[in-house]
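Structure first, commentary second.
The values are calculated or read from the model by the stated rules, or taken from the named source; none is laboratory data. Note that the structure is a prediction, hence the values are computed from the model and not measured. Using ideal geometry, Cβ is built from the backbone for each residue, glycine included, and neighbour counts are taken over all protein chains shown. For accessibility, only protein heavy atoms count, side chains too; no ligands or nucleic acids. Shrake-Rupley method; radii C 1.70, N 1.55, O 1.52, S 1.80 Å.
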Amino acid sequence: MQKIMVCVKRVVDYNVRVRVKPDGSGVMLDGVKMSVNPFDEIALEEALRIKERAGGAEVVAVSVGVADTQQQLRTALAMGADRAILVQTDAPVEPLAAARAFLALARKENPDIVFLGKQAIDDDANQTGQMLAALWDRPQATYASKVEILGNKAAVTREVDTGLETIEVDLPAVITVDLRLNEPRYVKLPDIMKAKKKPLDTVTPEALGIDLGQMLKVVKTDPPAQRQKGIMVKDVAELVDVLKKKGLIR
Amino acid sequence: MNKILIVGEHDGAHLNPAVAKCVTCARGIPGGEITIALFGADTAAVAAQAAQLGGVHSVLRIDRAENAHPLAAILAPQVAALAAEHTHVFGPSTSFGKDLMPRVAALLGAPQVSDLMAVESAHRFRRPIYAGNAIITVEADPARKLVATVRVASFEAAGVGGSAAVASRSLDVALPSHTRYVGAKTAGTDRLDLQTAARVVSGGRALGSAENFQMLFRLADKIGAAVGASRAAVDAGYAANEMQVGQTGKIIAPEIYIAIGISGAIQHLTGIKDAKTIVAINKDGEAPIFEVADVGLVADLFQVVPEFERLVSA
Ligand SMILES: Cc1cc2nc3c(=O)[nH]c(=O)nc-3n(C[C@H](O)[C@H](O)[C@H](O)COP(=O)(O)OP(=O)(O)OC[C@H]3O[C@@H](n4cnc5c(N)ncnc54)[C@H](O)[C@@H]3O)c2cc1C
């Protein structure tokens, strides 16, 4: 294990209740707290644990996005990544565009594993890892809840609709992680100080020779349908009564 | 003309109920001709089921030993090859479809619409973002192929009564050997399927242990319900991972959803938005679950669940 690449996305913090702009042009992002996508923290944690167990390996955190994404990459460095690369752009980045950027970085860096979160909690697309694996022509192991490195292979247990599934992939491979893979470490203040000195490079899409062109146009953003206000019942007898009357139970 | 290819999920014996919902979604595309592709070692039985779905034009069987287990790396190049004859490629938004479809999209250089919840035209769709806190309308370029995963909870199942032509297809596609199936650990099949059950009883962190969770299984058995769980309950080991409901678990649309000891975090609520009736039992009257509940009861679950079970008839 020489090198692990971890893709990190800057997203609205999961505690923020996102609201739609009244004119339907998008969601309100002004002054909203931004964080590392929670799944990507789990991805990074796994990379760091593999590095620690192996007694070495370089962990490179990468991202595509606006200049401020440096904040999230600094968090990744504080968690323990060795260096970071930002493909900087102000344009919206669709999953296939992100995958193209990560492919360009993977071809340069030649990592043994690329870790990503299974989805980003902003667009909930759940695409980028699989797309990168396709473009890179390498295996994918999505929704990982356990990762075992066995020389130049990995055995990955995946969370699927019917339970758990285990697959074996040759390295290099793309692994996307699920919630129960690990619990990410907390960043301590001295680590934040140390992270300031770690290398964080910025490159342009043009320098990588990639086109981040958009293929889907968002024409409108609406709030979700609201549910009608319900009723409160005083005890179970009344609850059962109401449900029986509605024909929902017998 | 729009030609829609649906990648049909199945387990060799049964077509996944999600496929019938993908068919309904595809039928929303004007002038669409629907083909279901089935990949497996032997898809004869499931092909017969797929052929009955109303509105399906044809069913393609791609039987090959390598297709015995649905590995995205193996299936994607085959789906991409078939896609040459189609304008749209759809799969269900299940763990099968979510894993496979983006790999297909990337091979095609096509965009993917994830969790497609409404079709407005052949190239205009609606889908949720931010855990369902916003719904976007997206437009795709008609000159390109479009890949989508279909949000199963948004569509009714297509009825049977069709008689589509079934054909076997052999594809001249080289398959990689870098990805191998090892094994699976699946839950007992004696329980109702969470994704298709009309009734669901679901428990949260408040249950406190796997033993206490049995209380919910007993109630569920009595009323004929599947059992779900919040992430907190799954993380704590009270319930199995496939029972998780929510943004990163299953998105369901039962007739009735009974949330017991679940606070109603936004990530959980996004999984139950389409439930017809939501019942909440929680001892905290301020819990956010009551904001979406149709019927709410402020009570200690340990007192009321056994009584609930007694009061309903089997
Ligand atoms: C990236 C990300 C993804 C997530 N995805 C999901 C997801 O898919 N699904 C999901 O569910 N969550 C998800 N979560 C987690 C979510 O934010 C909540 O933490 C979780 O849903 C809380 O579960 P809970 O309601 O069981 O627990 P709690 O929030 O702890 O609520 C327990 C509730 O039980 C009540 N209670 C306690 N004792 C009793 C009693 N004796 N009788 C009655 N009521 C009682 C309490 O009042 C409280 O309301 C995700 C979080 C993140 C960050």
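Taking the listed residues B:Val298, B:Val292, B:Val245, the one that is within 8 Å of the ligand (Cβ to nearest atom) and either open to solvent by less than 40 Å² (accessible area, probe 1.4 Å) or not assigned by TED's automatic domain parsing to the domain that holds B:Pro128 (or both) is B:Val245, with no other qualifying. Going through the stretch B:271-287 one residue at a time, which ones are open to solvent by 20 Å² or more (accessible area, probe 1.4 Å), within 12 Å of the ligand (Cβ to nearest atom) and either at pLDDT below 95 or facing another protein chain (nearest Cβ under 10 Å) (or both)? Residue satisfying the conditions is B:Gly285 alone. Considering every residue within the stretch A:59-78, establish whether at least one is at pLDDT below 95, more than 26 Å from B:Pro111 (Cα to Cα) and open to solvent by 10 Å² or more (accessible area, probe 1.4 Å). No.
On the basis of being outside any helix (DSSP H, G or I), farther than 24 Å from A:Ala225 by Cα and within 12 Å of the ligand (Cβ to nearest atom), does B:Ala239 make the cut? Yes; evaluated as a whole, the condition is true for this residue. You will find that of B:Ile252, B:Ile262, the residue that is among the aliphatic types (A, V, I, L, M) and near the ligand (Cβ under 7 Å from one of its atoms) is B:Ile262 and no other. Take B:Thr35 and tell me if it is under 28 Å from B:Ala118 (Cβ atoms) and open to solvent by 20 Å² or more (accessible area, probe 1.4 Å). Against the criterion (under 28 Å from B:Ala118 (Cβ atoms) and open to solvent by 20 Å² or more (accessible area, probe 1.4 Å)), B:Thr35 does not qualify. Of all residues in the stretch A:47-57, those that are in contact with a helix residue (DSSP H, G or I) (Cβ under 8 Å, 6 or more places away or on another chain) and either open to solvent by 10 Å² or more (accessible area, probe 1.4 Å) or within 15 Å of the ligand (Cβ to nearest atom) (or both) total 1.
In the condition set (1) under 30 Å from B:Val119 (Cα atoms); (2) modelled with pLDDT of 95 or more; (3) open to solvent by 70 Å² or more (accessible area, probe 1.4 Å), B:Val182 is compliant with all but (1). The number of residues in the stretch B:114-129 being over 16 Å from B:Ala153 (Cα atoms) and assigned to a strand (DSSP E or B) comes to 3. Answer with yes or no whether B:Glu9 is within 29 Å of A:Ala173 (Cβ to Cβ), crowded, with 20+ Cβ neighbours inside 10 Å, of a type in the set (D, E, K, R) and in contact (Cβ under 8 Å) with a residue 40 or more places away in the chain. So B:Glu9 passes the test. Looking across the stretch A:209-235, the residues that are in contact (Cβ under 8 Å) with a residue 24 or more places away in the chain, in a loop (DSSP other than H, G, I, E, B) and surrounded by 14 or more Cβ atoms within 10 Å (Cβ to Cβ) come down to A:Ile210, A:Leu212, A:Gln214, A:Met215, A:Pro223. Residues in the stretch B:206-236 that are within 13 Å of another protein chain (Cβ to nearest Cβ), within 12 Å of the ligand (Cβ to nearest atom) and part of a loop (DSSP other than H, G, I, E, B): B:Ser230, B:Ala236.
Do we have A:Glu41 as surrounded by fewer than 22 Cβ atoms within 10 Å (Cβ to Cβ), assigned to a helix (DSSP H, G or I) and within 16 Å of the ligand (Cβ to nearest atom) here? For A:Glu41, the condition - surrounded by fewer than 22 Cβ atoms within 10 Å (Cβ to Cβ), assigned to a helix (DSSP H, G or I) and within 16 Å of the ligand (Cβ to nearest atom) - is not met. Among the conditions (1) surrounded by fewer than 23 Cβ atoms within 10 Å (Cβ to Cβ); (2) within 12 Å of the ligand (Cβ to nearest atom); (3) over 26 Å from the mean Cα position of the chain (by Cα); (4) touching a residue at least 40 places away in the same chain (Cβ under 8 Å), B:Pro306 misses just one, which is (2). Restricting the search to helices (runs of 4 or more DSSP H) fully inside the stretch A:94-208 and requiring at least 1 residues that are surrounded by 24 or more Cβ atoms within 10 Å (Cβ to Cβ) gives A:95-109, A:128-136.
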